[in-house]
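Below is one structure; the comments refer to it alone.
The values are calculated or read from the model by the stated rules, or taken from the named source; none is laboratory data. Remember, predicted model here, so these are calculated numbers, not experimental data. Here Cβ is always computed from backbone atoms with ideal geometry, including for glycine, and neighbour counts include all displayed protein chains. Accessible surface areas use protein heavy atoms only, side chains included; no ligands, DNA or RNA. Shrake-Rupley method; radii C 1.70, N 1.55, O 1.52, S 1.80 Å.
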Amino acid sequence: MTNSIKPRLLLEIIAVGILAFAGVLTKTAANVAFPAMMAAFHINLGTVQWVTSAYMLTATLVIPMSAYLQRSFTSRALFLSASLFFTVGTGLIVGAPSLALVLVGRVLQGVGNGIAIPLMFNIILTAVPRSQRGMMMGVGTLITATAGAIGPTYGGLLVDRWGWRMIFIALLPLLLGSLVLGLVTIYGERRRPANPLPSWTMACWLSDFC
């Protein structure tokens, strides 16, 4: 039994990690866009806060279901579902003429990220050799932590230069790259989580949903 991480497995983790990164990035970047969205849709602060709340509430509902989803569906099916939800949601937001459609897009993004984050950690816990597992868990943690840290700066720069929609437009090439990489590397394994509770509670903590 080898203790090294196979290149395909590393690329698989990267593909799912990109989705997790994009989700946490939009969670913090969207807050910076509130003033621009208030002006664009002629709404008040209490209303525009649903752009973040709708996303977080949806992800909070989906993440605890991760153990069931990972027992019922293959890694490939879950990845494709997460990618589809997140990409379609992003596309809706980019072209949304009203706040209602933005909220629909944020809900879809929440579903996608609620699947992607636990899936990334489950792949690490079930497929990475034990000797390398701690390092890869650190990498997974770094992905989500970095996204949350740079989100406000990322959002502020794009809003100032090109408007609030660019926060989401700039993600589309990244999401496409993740999808292509996942299609090539993620096979149809059904990885049953050895211990479901730590899997979703850790993902919940990392994402600041709970």
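Out of the stretch 152-186, which residues are more than 29 Å from V48 (Cβ to Cβ) and either modelled with pLDDT under 85 or among the β-branched types (V, I, T) (or both)?
V180, V184, T185, I186
Kindly provide the set of residues from the stretch 127-142 that are of a type in the set (S, T, Y) and either in contact with a helix residue (DSSP H, G or I) (Cβ under 9 Å, 6 or more places away or on another chain) or free of Cβ contacts under 8 Å to residues at least 40 places away in the same chain (or both), ordered by number. Explain how you work it out, then say what you get.
Let us first name the residues in the stretch 127-142 that are of a type in the set (S, T, Y), namely 131, 141.
Answer for the stretch 127-142, where residues must be of a type in the set (S, T, Y) and either in contact with a helix residue (DSSP H, G or I) (Cβ under 9 Å, 6 or more places away or on another chain) or free of Cβ contacts under 8 Å to residues at least 40 places away in the same chain (or both): just T141.
Just to be sure, is I43 of a type in the set (A, V, I, L, M), in contact (Cβ under 8 Å) with a residue 24 or more places away in the chain, buried (at least 22 other Cβ atoms within 10 Å of the Cβ) and at negative phi? Talk me through it step by step, then tell me what you get.
Details: of a type in the set (A, V, I, L, M): yes; in contact (Cβ under 8 Å) with a residue 24 or more places away in the chain: yes; buried (at least 22 other Cβ atoms within 10 Å of the Cβ): no; at negative phi: yes.
When the stated conditions are applied, I43 does not pass them.
Residues are listed down the side, and each one gets a yes or a no for (1) closer than 15 Å to L78 by Cα; (2) of a type in the set (V, I, T); (3) open to solvent by less than 20 Å² (accessible area, probe 1.4 Å); (4) in contact (Cβ under 8 Å) with a residue 40 or more places away in the chain:
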| position | (1), (2), (3), (4) |
| --- | --- |
| W162 | no, no, no, no |
| R165 | no, no, no, yes |
| L174 | no, no, no, yes |
| G188 | yes, no, no, yes |
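Kindly indicate the residue of the stretch 46-58 that is assigned to a helix (DSSP H, G or I) and either over 13 Å from G105 (Cα atoms) or of a type in the set (D, E) (or both) and also most open to solvent (accessible area, probe 1.4 Å) among those meeting that condition.
At the first step, the residues of the stretch 46-58 found to be assigned to a helix (DSSP H, G or I) are 46-48, 50-58.
Imposing the further condition that a residue be either over 13 Å from G105 (Cα atoms) or of a type in the set (D, E) (or both) reduces the set to 46-48, 57.
Numbers: G46: 47, T47: 53, V48: 0, L57: 99 Å².
Per the criteria, the residue is L57.
List pairs: first in the stretch 88-110 and under 20 Å from H42 (Cβ atoms), second of a type outside the set (A, V, I, L, M, F, W, C) and surrounded by fewer than 19 Cβ atoms within 10 Å (Cβ to Cβ), Cβ under 9 Å, 6+ apart or cross-chain?
Hits for this filter: L99/T47; L101/G95; G105/G91; R106/T52; R106/S53.
Enumerate the pairs (first residue in the stretch 11-29 and farther than 9 Å from L181 by Cβ and part of a helix (DSSP H, G or I); second residue anywhere and open to solvent by 10 Å² or more (accessible area, probe 1.4 Å) and modelled with pLDDT under 90) with beta-carbon separation below 6 Å, excluding pairs fewer than 6 apart on the same chain, so at least 6 apart or on different chains.
Once the first residue is farther than 9 Å from L181 by Cβ and part of a helix (DSSP H, G or I) and sits in the stretch 11-29, its partners that are open to solvent by 10 Å² or more (accessible area, probe 1.4 Å) and modelled with pLDDT under 90 give G17/I143; A20/I143; F21/I143; V24/G148; T28/G148.
In the stretch 128-154, which residues are open to solvent by less than 10 Å² (accessible area, probe 1.4 Å), under 16 Å from the mean Cα position of the chain (by Cα) and over 13 Å from I117 (Cβ atoms)?
Scanning the stretch 128-154 gives a single hit, G151.
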